[in-house]
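Structure first, commentary second.
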Amino acid sequence: MLSFYDEIELPTGKSFEVIDITDQINRIVERSALKEGLVTITSLHTTCALAVNENEERLFDDIRNYFLTIAPEDQPYKHNDLHLRVNIPPDEPENAHAHLIAMMLGNSETLMVHNGSLVLGRYQSVLMLEMDGPRQRKCAVQVMGRS
Amino acid sequence: MLSFYDEIELPTGKSFEVIDITDQINRIVERSALKEGLVTITSLHTTCALAVNENEERLFDDIRNYFLTIAPEDQPYKHNDLHLRVNIPPDEPENAHAHLIAMMLGNSETLMVHNGSLVLGRYQSVLMLEMDGPRQRKCAVQVMGRS
Amino acid sequence: MLSFYDEIELPTGKSFEVIDITDQINRIVERSALKEGLVTITSLHTTCALAVNENEERLFDDIRNYFLTIAPEDQPYKHNDLHLRVNIPPDEPENAHAHLIAMMLGNSETLMVHNGSLVLGRYQSVLMLEMDGPRQRKCAVQVMGRS
């Protein structure tokens with residue numbers, strides 16, 4: 001069994017943003033030179049998510065609108081009562097809604113490598129979702145399998 | 001490390017449908033002859049999902065009703081303005097709600113193989129969820145591990 | 001390829017509860033002695049979930065409030081019409097909402113092991129979510145990789 005570990009840096013530009021990272025994942029699979037196996041991609045943050053879906057600009061707007069409608073930013077979340085929490089950094093944001101959306105979407109994806117290529121359907125892309133940006137974000141990527 | 005790749009074809013019959021694919025996955029695990037490892041199952045579509053839950057007919061109705069209530073079909077989604085999108089096939093459906101539900105549920109599952117069997121709790125089944133059918137669907141399945 | 005399988009027992013104390021199981025997972029990774037690989041954690045139940053997010057007491061309250069608001073316990077779910085179902089145990093609870101929340105959150109997580117340690121961001125913990133407790137619950141854990 002061989003394994004290959006890497007991290008990708010993702011500067012995000014908006015408070016809520018969907019970013020297609022399929023090309024970065026494909027390059028890591030290629031560099032790993034593995035032919036059969038799994039690629040695991042994990043956001044290392046609690047207010048980002050990963051998903052596999054279609055890269056379509058207007059759908060990205062729907063995703064933002066939809067999740068901010070079912071988990072609105074301005075509800076009376078307890079996590080946002082910063083004065084009642086201990087040991088928080090001075091720049092702690094009010095981002096409970098972002099945690100909830102991240103949990104619904106999930107923070108990792110496990111995909112297959114078959115014949116040396118990432119297995120994705122025709123309209124599938126690997127998407128990283130920022131819910132509390134802009135920030136500098138990081139995803140861990142591991143390819144595990146055989147050459 | 002050994003790996004075994006297969007695909008399952010799933011014709012769906014309704015616009016929203018929950019299909020138990022546990023038997024198909026068990027057969028693939030058996031054919032792989034692996035004793036310890038992982039099985040990854042991925043829908044190759046952006047309007048289908050995979051989940052692990054109970055195979056109970058009335059719960060399947062609740063699943064359909066619930067997700068079509070929190071993500072209704074007839075909202076003014078931008079992805080459904082087909083005339084504003086480019087390079088779309090002539091039969092492109094208005095299915096933004098199906099993309100959103102698929103993202104919430106997730107499009108893959110990674111399960112364990114232990115002592116040659118799929119590890120599932122007593123009431124757990126592997127479910128494929130169609131949200132934009134009826135269509136011919138496909139799932140990729142990979143068993144990776146040791147004999 | 002080496003693999004290591006274990007199960008963790010989790011007695012839950014409330015109807016809806018979020019439990020940090022990161023320490024248990026870290027101990028299993030340590031006992032496996034694997035250096036590079038994957039850890040898969042699966043709830044063996046249909047009304048529990050797993051997630052990776054922040055261990056913060058007030059956020060745990062938000063998680064409970066949020067999911068019980070978007071999937072309330074007392075809706076007319078068909079799965080809760082126990083008199084219309086067959087082959088159910090005498091103590092079958094009315095828990096359709098718990099199934100729906102579990103499906104949204106997902107019942108497993110696949111994390112990486114790199115340099116002998118679980119790969120998690122600074123604020124990330126592995127969380128087990130009970131939605132139909134209190135009960136005795138069980139999670140399967142598998143570490144697969146190389147030493």
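The values are calculated or read from the model by the stated rules, or taken from the named source; none is laboratory data. Quick caveat, the model's predicted, so the values are computed rather than measured. Heads up, the Cβs are rebuilt from the backbone with ideal geometry, glycines too, and the neighbour counts pull from every protein chain shown. Keep in mind that these areas ignore ligands, DNA and RNA; they rest on the heavy atoms of the full protein, side chains included. Shrake-Rupley method; radii C 1.70, N 1.55, O 1.52, S 1.80 Å.
Report, in deg cm²/dmol and to the nearest 500, the calculated mean residue ellipticity at 222 nm for chain B, where each DSSP H run with n ≥ 4 adds -39500 (n - 2.57) and the sum is divided by the residue count.
Details: 3 runs with 35 residues, N = 147.
Calculated from helices alone, the mean residue ellipticity at 222 nm is -7500 deg cm²/dmol.
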| note | In Å², rounded to a whole number, the accessible area per residue of the protein assembly as shown with probe 1.4 Å is 40 Å²
| request: State the percent of C-alpha pairs, over all pairs in the protein assembly as shown, separated by a distance greater than 30 angstrom. | output: 39 percent
| request: List the chymotrypsin sites (Phe, Trp or Tyr not before Pro) within the stretch C:64-133 that fall in a DSSP loop (any state other than H, G, I, E or B) and whose Cβ has at most 16 other Cβ atoms within 10 Å. | output: C:123
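Evaluate the charge dipole of the protein assembly as shown about its Cα centre and quote only its size in Debye, nearest 20, assuming +1 on the Cβ of each Lys and Arg and -1 on the Cβ of each Asp and Glu.
The dipole of the protein assembly as shown has a size of about 1460 debye.
For C:78, B:35, what's the largest-to-smallest order of accessible area, 1.4 Å probe? Kindly include the intermediate steps, with their values, before the conclusion.
Details: C:78 80, B:35 105 Å².
Final ranking, largest accessible area leading: B:35, C:78.
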| query | Ignoring ligands and nucleic acids, what accessible area does residue A:54 show with a 1.4 Å probe (Å², nearest 10)? | reply | 20 Å²
| remark: Each label sits 7 Å from Cα toward the beta-carbon; between residue A:82 and residue B:75 the label points are separated, in nm, by 2.9 nm
| query | Using a simple spin-label model with points 7 Å from Cα along the Cα→Cβ vector, what separation in nm is obtained for residue C:8 and residue A:57? | reply | 4.5 nm
| Once both labels are modelled 7 Å past Cα along the beta-carbon direction, what's the residue B:117-residue C:147 spacing in nm? | 2.9 nm
| Mind checking the angle between helix B:96-105 and chain B's longest principal axis? C-alpha axes, 0 to 90 degrees, to the nearest 10. | 30 degrees
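Quick one: dipole size for the stretch C:84-147, taken about the Cα centre, charges +1 on Lys/Arg Cβ and -1 on Asp/Glu Cβ, in debye to the nearest 20.
Values: 6 positive and 6 negative charges, 75 e Å.
Magnitude of the dipole: close to 360 debye.
As a test of reading the structure, rank B:111, C:118 by solvent-accessible area (1.4 Å probe, protein chains only), most first.
Details: B:111 0, C:118 25 Å².
In descending accessible area the options line up as C:118, B:111.
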| task | Place +1 on the Cβ of every Lys and Arg and -1 on the Cβ of every Asp and Glu in the protein assembly as shown, take the dipole about the Cα centre, and give the residue among A:68, B:106, A:112 whose Cα lies farthest towards its positive end. | result | A:112
| At residue C:123, label 7 Å along Cα→Cβ: distances to the other copies, nm, ascending? | 3.4, 3.4
| query | Which residues in the stretch A:48-65 have a backbone N closer than 15 Å to a point placed 7 Å from the Cα of residue B:92 along the Cα-to-Cβ line? | reply | A:54-62
| remark: Note on chain C: contact order normalised by length, alpha-carbon pairs under 8 Å, 6 or more apart, percent, works out to 57 percent
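Order C:58, B:27 by their accessible area, 1.4 angstrom probe, all chains in place, largest first. Let's see the in-between values first.
Values: C:58 50, B:27 135 Å².
Solvent-accessible surface, decreasing: B:27, C:58.
Only Lys, Arg, Asp and Glu count, each charged at its Cβ (+1, +1, -1, -1), so figure out the dipole size of the stretch A:8-147 about its Cα centre, rounded to 20 debye. Write down the numbers at each step before the final one.
Working: 13 positive and 20 negative charges, 124 e Å.
That gives a dipole near 600 debye.
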| request: Taking chain A as the reference, fit the longest principal axis to its C-alpha atoms, fit the long axis of helix A:57-70 to the helix C-alpha atoms, and give the angle between the two in degrees, 0 to 90, nearest 10. | output: 40 degrees
| task | Compute, for residue C:48, the solvent-accessible surface of its heavy atoms (probe 1.4 Å) with the complete set of protein chains present, and express it in square angstrom to the nearest 10. | result | 0 Å²
| task | Pick out, from C:89, B:10, C:141, the residue whose Cα sits farthest towards the positive end of the charge dipole of the protein assembly as shown, with +1 on the Cβ of Lys and Arg and -1 on the Cβ of Asp and Glu. | result | C:141
| field | Centre separation in Å (Cα based) which lies between the stretch A:70-147 and the stretch A:22-59 | value | 13 Å
| field | For the stretch A:1-146, average projected area of the Cα convex hull in nm² | value | 9.6 nm²
